[in-house]
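Trainee: Here it is: the structure, laid out below.
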């Protein structure tokens with residue numbers, strides 16, 4: 001069985017800076033904490049692209065894209081997609097790269113999840129739906145997300161949304177084979193989900209990381 005996390009952040013994300021570095025991802029894989037990791041930095045793919053060159057298929061190049069209608073993830077990308085487009089425009093850009101549409105933390109407000117009305121407008125384009133987010137204690141909409149995914153028969157995923165070490169290896173999806181762009185939807189449809197929330201203290205990662213980033217810039 002293979003443990004895969006399809007939503008993580010590295011040093012490139014403004015709110016992930018200084019937390020998870022290249023050697024960290026390598027250790028997560030070598031120690032069997034995870035078998036495949038999608039690096040989905042905010043509006044950036046450069047780190048993921050470089051790490052995939054070094055670690056191969058165990059790294060999926062992704063991007064958490066800030067759209068006008070909420071955050072959306074593209075998986076199996078070749079280059080960065082610009083922020084600020086509508087959800088429909090972002091879908092088109094992801095599909096141009098033959099990427100997959102992954103919906104993170106849907107229905108949430110604090111973390112800018114895509115709302116139901118927009119999701120229903122792009123329903124035929126959604127490839128994977130995040131029904132459990134490791135950083136969703138109190139603010140997550142796991143029940144609504146699961147109901148929506150089941151209603152529309154969407155492949156489901158459980159992901160960490162990790163911004164630091166404390167969030168890795170607790171929340172993930174379990175599949176029977178190493179995932180590829182062509183088989184991941186089928187694997188998730190018959191897979192299992194590991195639903196564990198990250199420790200509450202890890203929720204401070206984005207704030208503390210952004211502060212550290214700003215201090216470095218000032219120097």
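Throughout, read-outs are computed from the coordinates displayed, never taken from laboratory work. Only a predicted model underlies this, so the values are computations on that prediction, with no experimental measurement involved. Glycine gets a Cβ as well: all are built from the backbone with ideal geometry, and neighbour counts include every protein chain shown.
Trainee: When only C-alpha pairs under 8 Å and at least 6 residues apart count, what is the relative contact order of the chain, in percent?
Mentor: 22
Trainee: What is the packing order of peptides 47-59, 152-164, taking the mean over residues of other C-beta atoms within 10 Å and listing the highest first?
Mentor: 152-164, 47-59
Trainee: Where the eigenvalues come from the Cα gyration tensor of the chain, what are the semi-axes √(5λ) of the equivalent ellipsoid, largest first, in whole Å?
Mentor: With the √(5λ) rule applied to the chain, the semi-axes are 23, 20, 18 Å.
Trainee: Quick check: residue separation of residue 185 and residue 49 times 0.36 nm, minus the Cα distance between them. What number comes out in nm?
Mentor: Extra length available between residue 185 and residue 49 comes to 46.8 nm.
Trainee: List the relative contact order of the stretch 122-191 as a percent without decimals, with contacts defined as Cα pairs under 8 Å and 6+ residues apart.
Mentor: 30
Trainee: What would the Debye equation give as log₁₀ I(q)/I(0) for the stretch 1-73 at q = 0.16, 0.17 Å⁻¹, counting only Cα atoms as equal point scatterers?
Mentor: -0.51, -0.57
Trainee: Would you mind checking the stretch 168-188 for residues with the amide N under 17 Å from a putative spin-label position 7 Å along Cα→C-beta of residue 33?
Mentor: The answer is 168-173, whose backbone nitrogens lie closer than 17 Å to the label point.
Trainee: As a test of the formula, what do you get for the chain when each DSSP H run with n ≥ 4 contributes -39,500 (n - 2.57) and the sum is divided by the residue count, at 222 nm and rounded to the nearest 500 deg cm²/dmol?
Mentor: -8500 deg cm²/dmol
Trainee: Semi-axes of the stretch 139-200's equivalent ellipsoid from the Cα gyration tensor, sqrt of 5 times each eigenvalue, largest first, rounded to whole Å?
Mentor: For the stretch 139-200, the semi-axes come out at 21, 17, 8 Å.
Trainee: Please report the Cα spread of the stretch 38-141 along all three principal axes, rounded to whole Å, starting with the longest.
Mentor: Extents along the principal axes: 38, 30, 21 Å.
Trainee: Starting from 0.36 nm per residue, how many nanometres of slack lie between residue 111 and residue 21 once their C-alpha separation is accounted for?
Mentor: 30.1 nm
Trainee: Rounded to the nearest 5, what is the percent of antiparallel bridges among the DSSP beta bridges in the chain?
Mentor: Antiparallel bridges: around 50 percent, rounded to the nearest 5.
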